[in-house]
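The structure appears below as structure tokens.
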Amino acid sequence: MINHSRNLLSLFAAWLLSVPFLACSSEQDLFTLSFEELLDVNINLATKTDETRATVPSSTTVFTNQHIALLGVNNVYDLMNYVPGFQSTRGDWVGAVPKEHTRGVFLNSGNVLVMINGQRLNEASFGKASVYMPHISVDIVDKVEFIRGPGSALYGSNAFLGVMNIITFQEGSQASVGIGEYGFTQVAGSFNKSLFEQTNVYGNVSWQGQDGEKYAQGVRDPLASYFLEFGVQWRELNLSVWHNQTQLNGFANLAGWSNENKHKSENTALSLTYHWLRNTDWDVSSSLKHIEHNIYSAGLIATGEELGLEHDFYVGPSWQSKDLALNLDVAYRLNEFTSVNIGLEYSEEEQSEAGINTSYYDFSRGDVFIDEEFYQDGIITVKPHAPFNSLLQSFDSTAAYAQLKHVISEDLTVFVGARYDDVKDIDSKLSPRVAAIYKVSPSNTLKLQYGESFRTPVSNELNSNDDVTVGNPNLTSEYVKTTELVWHTQKPDWELDIVLFDNQLKDFINLVPIRETALPTEQRRFTFLNTFNTNMQGYELNSKFNVSDTTWLELGYTHLFDEPFSPSFKRFASLSFTHNMEPLQLSINTIWRDSVFVSSPEPDVIDNFDQGAYNLVGAVLSWRLGNNRSISLKAQNLFDKNYFVFEPRMFDGKIQGAGRRIQLQYLQKF
């Protein structure tokens, strides 16, 4: 990791010298962010039409890059902790990847759709984005949009309980460099240049790495992650390619703690979009998007001492999945009252490789066999691995969607839409959505929203066959019906959203132990079942207050009326305070989570999981050095709170939370 860091620092220094010649204009820095600008952020993720907070027919949250800088986070997934209804914690699966908690649901199956510039990251093998792309640096992010609730009416499978769209920098130029505790290093840069008439090029590069802090289990949590992107905008054509690699070695992997655990993921994507017709009434575009995901991972299953052997047993996936999607999107404005969006999509999604990483292997049997004579002097990769052949499955699909927006009167607007998805040999689903938005007064809006979403099972759930999980080919799609009542108030000095929601969950796929009482090594063997149908109700509150011309507060709170589907947080909140005292700016934030108690399935063997309520405090102190330069001191978990998160995969149900992280960053905009 050190060599990677030095090489990237050298490349970054050379790039930094060239940026002034590439830069085309200066960007606003975080000191210019006002309360009015905090409120004046439009979103088109929820409708594919440009809407304000008052007119959007979904519960949404938007972060601009200036807003993100005030929260002091490094990884985009950490923004979920400031979104009502969402939480992100560390967990175990194949590496200590982020786990999403969404409106009372904490599962491993990708119930939130994650996209970069509209290109989906959820893939065919595990179904979630964070296994193959667990770290996305905020340093290259211009904006992040969230839909809180169903999004399948526009985006299909995985847009189940939410959607997150990450938009990278495509305008302006900037560079940053940072250092921090536990060997943290960070460099990033973005540029935009107009080459000639109607032609722009842009690019993003970022690196984040750390040696990691040491935990009670004797392990560290190192990180090495980079992101590279290059794009060209020529007239009506937009072409972009990007590549990402992340390593999360050590820590916890497949329920085992070891500094020898391995986890490396790589993603390479291409996106090509062309606007055939674009004027005041029409916008017709088509796109081709391709992405390839690769993962190399191995976790400690049992020590040599537990096995009665000399060497430890490690195993994990060496998998690849691909996704090719063709889209046609049409937006037509019939008149000043009515507009229509329609679209077609064809997707070829597949798990294309299914090898194994293991420290024990019998090549004559063609399978893992734990005996000293089959020890491989470390972890080796076997591809193809015959017992995994059933995982090599395609999920080809076709889809069509339509949406009508009609302004009935000055005070009442309705949205009606639906999407039909047909996943070959798996399932077909219709996902309708309807919303009515009524302007009660100039400052108050009432919204009634109903939507349905689904998630099809993925290859790991259907066909896995390893020392950790056993697939179930009889699984059906998960399904949710969501009704929301929203009250939105916006005044010059404050804004408030209150969302009452009811989720009817059907056929949820859960990871369950094959045998509930077994030896420790056998407890790590699980299968998948459509085990649960239930309702999940609650409310979300999101508010912003302008205390003065230089000070504002943001508050988010979530309260579930029902017990979470899988042990998670029933209540949680976030609070942010920002004060501008030129040339300094101070932002303090806190995340509060309610207690979690889980009874032990074997009280004589394992203790109950009992984590009391806790706060995680963060802070950012920034100093303006000039019009486009600043230094920021960032702190996460400022008071070094020691806490645990429940993780059903772990023998004792515990994953250690990250301790204090203090970092210093220099930012230059051109």
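Using a cutoff of 8 angstrom between alpha carbon atoms and counting only pairs six or more residues apart, the relative contact order for segment 2-669 works out to 12 percent. Charge tally around residue 75: other residues with Cβ under 12 Å, Lys/Arg +1 each, Asp/Glu -1 each, net 0. In this calculation the C-beta distance from residue 483 to residue 547 is compared with R0 = 30 Å, giving a FRET efficiency of 0.30.
Protection proxy ranking for 50-56, 186-192, using the average of other Cβ atoms within 10 Å per residue and placing the highest first: 186-192, 50-56. Would you mind counting up the charge near residue 553? Only other residues with Cβ under 12 Å from its Cβ, with Lys and Arg at +1 and Asp and Glu at -1. Here the count lands on -2.
A straight chain from residue 446 to residue 181 at 0.36 nm per residue would run longer than the Cα-Cα distance by 90.7 nm. Please give the Cα centre distance for segment 111-130 versus segment 236-311, rounded to the nearest Å. Going from one Cα centre to the other spans 9 Å. Would the chain count as rounded, prolate or oblate if I go by the C-alpha gyration tensor, calling it rounded below 1.5 in a/c and otherwise prolate when a/b exceeds b/c, oblate otherwise? It is rounded, given that a/c, with a ≥ b ≥ c, falls under 1.5. For residue 641, the lysines whose Cα falls under 21 Å of its own Cα, not counting residues fewer than eight places away in the same chain, are 99, 214, 570, 654.
Partners of residue 439 within straight-line reach, counting lysines whose Cα lies under 19 Å from its Cα and excluding those fewer than 8 residues away in the same chain: 405, 447, 491. How charged is the neighbourhood of residue 537? Take every other residue with its Cβ under 10 Å from the Cβ of residue 537, and add Lys/Arg as +1 and Asp/Glu as -1. Net local charge, residue 537 excluded: -1. Checking every one of the GluC sites (Glu not before Pro) in segment 299-380 against DSSP loop status and a limit of 11 other Cβ atoms within 10 Å picks out 310, 336. Could you tell me whether segment 177-267 comes out rounded, prolate or oblate from its Cα gyration tensor? Rule is a ≥ b ≥ c as square roots of the eigenvalues, rounded for a/c under 1.5, then prolate if a/b exceeds b/c, otherwise oblate. Oblate.
With respect to the chain, whose longest principal axis is taken over its alpha-carbon atoms, helix 2-22 is tilted by about 20°.
The label-point distance for residue 197 and residue 363, in a model that sets each label 7 Å from Cα toward Cβ, rounds to 6.5 nm.
Loop-resident trypsin sites (Lys or Arg not before Pro) (DSSP state other than H, G, I, E or B) in segment 151-237 with no more than 16 further Cβ atoms inside 10 Å of their Cβ: 235. Summarising the label geometry, the points placed 7 Å from Cα in the beta-carbon direction at residue 324 and residue 306 lie 4.3 nm from one another.
Applying the criteria of a DSSP loop state and at most 14 other Cβ atoms within 10 Å to the GluC sites (Glu not before Pro) of segment 374-478 yields 410. Computed per residue of the chain from DSSP H runs no shorter than four, each worth -39500 (n - 2.57), the mean residue ellipticity at 222 nm is -2000 deg cm²/dmol. Using a cut-off of 26 Å between Cα atoms, the listed pairs 262/669; 128/424; 544/634; 193/289; 264/289 include 262/669 as exceeding that distance.
Any read-out appearing in this document is the output of simple, stated calculations on the displayed coordinates, not a laboratory observation. Not measured: the values here are computed from a predicted model. Every residue, glycine as well, gets a Cβ built from its backbone with ideal geometry; the counts of neighbours run over all protein chains shown.
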